[in-house]
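Here the structure is laid out as structure tokens; the discussion comes afterwards.
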Amino acid sequence: MHIATLALTLSLVPSCGQDAASPVHFTQVGEPIPVGPMAGTPVLEDFDNDGDLDVAVVCGPCCGRDPDPESGHLRVLLNDGSGRLGYAGHSIKIGETSLGAAAGDINHDGIIDLACYQHSSYDLAFLLGKGDGTFAPPTYVAVKETGEAHVHSVVLADVNNDGHLDALATLVEDHALAVLLGNGKGGFKPAPHQPYFAHQHPYAQLEIADVTGDGNPDACMTDMRGGAITVLAGVGNGAFLTSNGFHLGPHTEVVAFERPMALQLADLDSDGDLDVVAIGDESPEATVLLNQGEGRFVERGSRPIRLAVATTSLALSDLNGDGIADLITGGVGMGRESRISITLGKGDGTFETSFPMQTGGDSPSPAIGDMNGDGLPDIVTGNYDSGDVSVLIQTARAQSSRLTQLGLQLRQQLGVTAFGLGLAR
């Protein structure tokens with residue numbers, strides 16, 4: 001009887017709307033803070049040099065939505081060290097279809113700067129940070145002069161090994177990867193021979209990392225219309241080996257579902273190579289593609305990972321401290337969903353059953369970072385349909401996880417329900 005009582009005690013429902021079996025636990029910090037209509041995925045960086053992660057959010061239309069006159073801007077929120085956010089100055093207008101951002105020090109002054117992209121413009125906006133959470137007015141550099149502008153991702157990375165950050169973007173209707181080379185002073189110019197052909201429909205969450213193992217950063221992206229993952233191998237001078245319409249080795253078909261929308265990279269099977277997790281277009285499905293070496297990917301299986309909610313964005317981070325990347329997804333779907341999905345990794349390229357978590361906002365897109373300095377990863381969501389930002393702080397992880405699992409095992413063995421002693425269902 002004493003053991004059964006212990007099992008009941010360990011099965012208490014955690015905060016943030018998680019199921020009792022959730023091995024990670026989060027508490028929402030206050031109410032979501034308004035940032036304007038169409039809040040996108042947050043960017044987490046220390047924008048005021050106080051040692052705490054702050055939040056930048058670009059607000060603008062995605063997923064077939066029309067522009068909102070109250071949107072099209074950047075909002076910066078400063079962290080007081082506990083995860084509570086406050087406004088840094090006023091919003092900065094970017095453009096009516098501004099959609100997302102990347103952060104990095106583009107002029108070597110030790111202060112974080114931003115690069116923003118616009119859904120329907122070839123102009124990337126660059127904003128130099130002042131070190132207090134505010135930014136200079138944006139300057140614009142075109143990645144292409146003419147065409148049907150449709151941009152869905154931007155990344156800052158040094159792709160020509162000169163020590164300066166460069167800017168890369170996916171040009172969806174041009175079927176291409178754009179590359180702007182940075183001069184280390186905040187200026188950018190198009191790389192020779194760019195943009196580089198990237199199959200039918202390169203889309204969201206472009207990743208720049210060495211997946212081929214030659215020491216040079218490569219470009220990894222989804223091909224949404226082609227139903228595949230594309231890798232453009234970096235040469236190390238800012239150029240990328242294009243496929244020119246044939247299989248570049250790494251152009252890997254996704255069979256688990258149609259229209260892969262976005263991806264992220266992490267070592268999912270502990271072999272030292274970066275693997276891929278990709279999500280379907282506004283669907284509750286994900287798939288894993290394992291890197292066989294040299295950037296050649298093989299899908300883990302033909303059946304998708306079922307997520308707790310439909311998704312348009314994803315993040316990979318070790319939430320539960322076991323050294324294995326976990327999958328956090330959310331975003332803008334067909335309805336006003338207020339939950340994100342968490343799926344814990346097993347370390348062999350597979351994942352546990354997904355579970356949902358409430359965020360307090362509608363259509364949340366997640367970003368991961370330690371917002372209160374306790375060493376545990378927390379979750380920040382940009383809530384598209386409610387136009388605000390939520391902060392979810394992780395509570396004591398390790399002890400909670402071990403006790404929860406012990407409680408579940410005892411409950412199953414003894415026939416204890418979540419509400420008290422009784423017959424197993």
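Numbers below:
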| read-out | value |
| --- | --- |
| Accessible surface ranking that places the most exposed of GLU148, GLU337, GLU299 first, with a 1.4 angstrom probe | GLU148, GLU337, GLU299 |
| Rounded if a/c under 1.5, otherwise prolate or oblate - the stretch 87-239, Cα gyration tensor axes | oblate |
| Highest to lowest packing among 311-322, 102-113, scored as the average C-beta count within 10 Å | 311-322, 102-113 |
| Whole-number Å³ per residue for the convex hull built on Cα positions in the stretch 233-388 | 145 Å³ |
| Distance between the stretch 368-388 and the stretch 267-295 - C-alpha centres, whole angstrom | 24 Å |
| Magnitude of the charge dipole, the stretch 50-99, Cβ model with Lys/Arg +1 and Asp/Glu -1, debye to 20 | 80 debye |
| Global geometry of the stretch 319-367, whether rounded, prolate or oblate, following the gyration tensor of its Cα atoms and the 1.5 cut on a/c | prolate |
| Whichever lysines have a C-alpha closer than 19 Å to that of LYS130, once near sequence neighbours (fewer than 8 apart) are set aside | LYS93, LYS185 |
| Estimated inter-spin distance, HIS90 and ASN183, nm [label 7 Å along Cα→Cβ] | 3.1 nm |
| Inter-centroid distance (Cα atoms) of the stretch 48-127 relative to the stretch 129-147, Å | 10 Å |
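The values are calculated or read from the model by the stated rules, or taken from the named source; none is laboratory data. None of these values were measured; they are calculated from a predicted model. Reconstructed Cβ throughout: ideal geometry from the backbone, glycine too, with neighbour counts over all protein chains shown. SASA here: full protein model, heavy atoms, side chains in, ligands and nucleic acids out. Shrake-Rupley method; radii C 1.70, N 1.55, O 1.52, S 1.80 Å.
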